[in-house]
Amino acid sequence: MSIHFDSGDSDGVDYFENTSVQVTAMPFTFSCWVKPDSVSDHDGLVVLGVSGSAYDHHALNLRAAATLEAAIRDQSSGYDSSTIASYDTGWNHCAGVFASTSSLTAYLDGVAGTEETDVTSASGINELRIGQYVGTWNRPLDGLLA
């Protein structure tokens, strides 16, 4: 079963969120099936982050350049990511493996992207969102997500 997310339909329900997050440290994996309608950039698939902040998040997202990205951002040391190209407008299996502070890898349809080995770790995680970024970034997914 999939859910259709549409940020342009004005219904006010464009993502799922959980503000009682139990996952606060690596290792963990995000995995989903996605069929995008359109992609702006950094369209959030699954994101653990800090409510009200543009920083401190672990994210699996679609980029406008037809790449899938697994990324970590924190306030002090910056942005680390693993990417793989090239998703299409059909169904895509997407995964981000946040193994440790020395291993972050994105997977698209079972194929690994470049492993990021110099990984930071976000702190203060207090929210999970599916279909949108956590925090102050407005990066919704428009499409089907399962």
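In this structure, does Val39 turn out to be β-branched (Val, Ile, Thr), surrounded by 17 or more Cβ atoms within 10 Å (Cβ to Cβ) and at pLDDT 95 or above?
Working: β-branched (Val, Ile, Thr): yes; surrounded by 17 or more Cβ atoms within 10 Å (Cβ to Cβ): yes; at pLDDT 95 or above: no.
Judged against the criteria, Val39 is not a match.
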Mind listing whichever residues of the stretch 42-85 are of a type in the set (Asp, Glu), farther than 17 Å from Val21 by Cβ and open to solvent by 10 Å² or more (accessible area, probe 1.4 Å)? Asp80
Within the stretch 111-124, does at least one residue satisfy the condition of being open to solvent by 40 Å² or more (accessible area, probe 1.4 Å), under 23 Å from Pro36 (Cα atoms) and touching a residue at least 60 places away in the same chain (Cβ under 8 Å)? no
Conditions first: (1) more than 30 Å from Ser10 (Cα to Cα); (2) touching a residue at least 40 places away in the same chain (Cβ under 8 Å). Tyr133 passes all but one, so which condition is the exception? (1)
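The values are calculated or read from the model by the stated rules, or taken from the named source; none is laboratory data. Treat the numbers as computed from the prediction; the structure is a model and nothing was measured. Here Cβ is always computed from backbone atoms with ideal geometry, including for glycine, and neighbour counts include all displayed protein chains. Surface accessibility is based on the protein's heavy atoms, side chains included, excluding ligands, DNA and RNA. Shrake-Rupley method; radii C 1.70, N 1.55, O 1.52, S 1.80 Å.
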